[in-house]
Amino acid sequence: MVRRTKEEAAATREGILDAAGLLFEQQGVSGTTLQHIATAAGVTRGAIYWHFHDKSALFDALMERAKMPLESAMQILDAKEAEDPLGDLRECLMCVFRLTARDENTRRVFEIATHKLELVGEMSAISDRILDSHGRFMERAESRIRMAMRRGLARPGTSPRAVAMGLWSAMDGLLRIWLLDPSAFNLERMGAQVIAAQLDCLAPA
């Protein structure tokens, strides 16, 4: 009986997240109330509050379940040493593009976080997560670039911070425009070209 109750609770939680993801995508986060989600999921608002403190916690759980692309790809840069530091950077960013292009659930949540979420009120806590991801990427990317410079794989005088910020901006900008119209171009192919244009400029003369 206890096991069945846990399974039912887990199923209810997943149903709430499924309903929230679809509604957030269709009408935005601010335009979706907990009552909308409860109705779509076939549960009461009380059931939602039993699983989630508020809408911000619900959306955070949605992000956790989807494995946000950058957070998943960052594992590539977590190793302290690397045979090919710039190759690691390239693969990290390509992993972001692959996850976004190939996994529908990941794309949906990433699209919501990018285009359909206002970082105000109860949702302002999500900005901390975004800033944390940015900070972690910058730290690791700069470390890889400094490593490449020490090994003679990048031009002397290169600014690790400027390069890391350029890579972030290229990735973020490309994802934002693709999410508005996924049919406009092949994200993985264009992503590879954009990242190559950034990293190939680092090669020593």
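Annotations for the structure displayed:
- Counting heavy atoms of the protein chains alone, SER124 has an accessible area of about 50 Å² for a 1.4 Å probe.
- Cβ-placed point charges (K, R +1; D, E -1), dipole of segment 32-102 about Cα centre in debye, nearest 20: 520
- Loop-resident trypsin sites (Lys or Arg not before Pro) (DSSP state other than H, G, I, E or B) in segment 112-205 with no more than 14 further Cβ atoms inside 10 Å of their Cβ: ARG151.
- The chain - percent of accessible surface contributed by carbon and sulfur, probe 1.4 Å: 53
- Span-like helix ranges in the chain, DSSP H, alpha carbon extent 15 angstrom or more, Kyte mean at least -1.0: 2-27, 55-66, 85-102, 104-115, 125-150, 160-180, 187-199
- Averaged per residue, segment 100-176 has 49 square angstrom of accessible surface, using a 1.4 angstrom probe with ligands and nucleic acids left out.
- A Förster radius of 35 Å combined with the Cβ-Cβ distance from ALA184 to GLU139 puts the calculated FRET efficiency at roughly 0.65.
- Exposure rule at most 14 other beta-carbon atoms within 10 Å, DSSP loop GluC sites (Glu not before Pro): the chain longest free segment: 119-205
- Answer label for Cα extents along the principal axes in Å (calculated), chosen among [x] 46, 38, 31; [y] 66, 39, 30; [z] 56, 37, 30: [y]
- Between ASP128 and ALA205, the FRET efficiency from the beta-carbon distance, with R0 = 41 Å, is close to 0.45.
- Local charge for THR158 was computed over the other residues whose Cβ lies under 14 Å away, with Lys and Arg +1 and Asp and Glu -1, and equals +4.
- Cα centroid of segment 143-205 to Cα centroid of segment 78-121, whole Å: 13
- Radius 14 Å from Cβ of MET94, net charge of other residues (Lys, Arg +1; Asp, Glu -1): 0
- Annotation for segment 25-96: trypsin sites (Lys or Arg not before Pro) lying in DSSP loop with at most 11 further Cβ atoms inside 10 Å of their Cβ are LYS80.
- Sites ALA162 and THR33 - FRET efficiency at Förster radius 45 Å, r taken between beta-carbons, to 0.05: 0.55
- 20 Å cut-off, amide nitrogen to a point 7 angstrom out along ALA11 Cα→Cβ, residues in segment 36-73: 38-52
- Among residues other than LEU174 with Cβ under 15 Å from its Cβ, the summed charge is +1 (Lys and Arg +1, Asp and Glu -1).
- Sorting THR106, THR5 by accessible area puts them as THR5, THR106; the probe is 1.4 Å, largest comes first, and only protein heavy atoms count.
The values are calculated or read from the model by the stated rules, or taken from the named source; none is laboratory data. Everything numeric in this text was worked out from a predicted model, so none of it was measured. We place every Cβ from the backbone using ideal geometry, glycine too, and count neighbours over all the protein chains shown. Ligands, DNA and RNA are stripped out before the accessible areas are found, and what is left, the full protein with its side chains, is counted by its heavy atoms. Shrake-Rupley method; radii C 1.70, N 1.55, O 1.52, S 1.80 Å.
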